[in-house]
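Each remark here refers to the structure printed beneath this line.
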Amino acid sequence: MNAVKEEYKRKLKDLEEKEKKLNEDIIQRKQNGSPYNDWVQWNQEHYDKEEKLLKESSIAYRVFKFLVKNMDKYNAVMVSYNTIGEYLDISKTSVYNAIKKLKKENFIVVFKSGNSNVYAVNDKIVWKNFGNKYKYSKFPANVILSESEQEKSVRKKIKEYRHKEIAIKE
């Protein structure tokens, strides 16, 4: 049993070191003013699949692009149907159907976190990291919250927290 615990600790330490190195690389690129900080890389092998998605469901394509735009360096984002719908100006039902299609077509994987969904974009299609490091995709996740989904007391406080803001169409 101790051998298993030791192996677990060793693997956890290795993972933490890899994570630390990756974060150091990202910080170094930002300090150097790298033009590649906000790039997303697409695998041309899946270009036809993306075109097919656009042709079959422009809404699913828009939801996919929203997830790609907002995913973190690990290809993941946590966001509600309501927030996606507000941002894209589409109904919650349309978001639900788009997510269902994206899952079926293997554009995303959906993980549950309590009552929330964490969307992981397929890193064989697109990733947001160095060209040879897509294997480091997943996981933590960016969390996107909509002010309209928060309790009134929290709405006032939301500006106090460090967060990424996206513009919701009025």
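Laboratory data are not the source of any read-out in this text; all were calculated from the coordinates shown. Computed from a prediction, not measured in an experiment: that's the story for all the values here. Cβ sites come from the backbone with ideal geometry, for glycine too, and all protein chains shown count toward neighbours.
Taking each residue as 0.36 nm, the span from Gln41 to Lys124 lengthens on full extension beyond its C-alpha to C-alpha distance by 28.9 nm.
Multiplying the residue separation of Ala3 and Asp25 by 0.36 nm and subtracting their alpha-carbon distance yields 4.6 nm. With Cβ to Cβ distances under 13 Å as the rule, what net charge do the other residues near Tyr8 carry (K, R +1; D, E -1)? Surrounding charge for Tyr8 is +1. With 21 Å as the limit on Cα-Cα distance, the pairs of Lys65/Lys124; Lys5/Lys73; Lys18/Lys128; Lys21/Lys128; Lys11/Lys103 that go past it are Lys5/Lys73; Lys11/Lys103. Model label points for Asn97 and Phe111, set 7 angstrom from Cα along the Cα-to-Cβ axis, are 3.0 nm apart.
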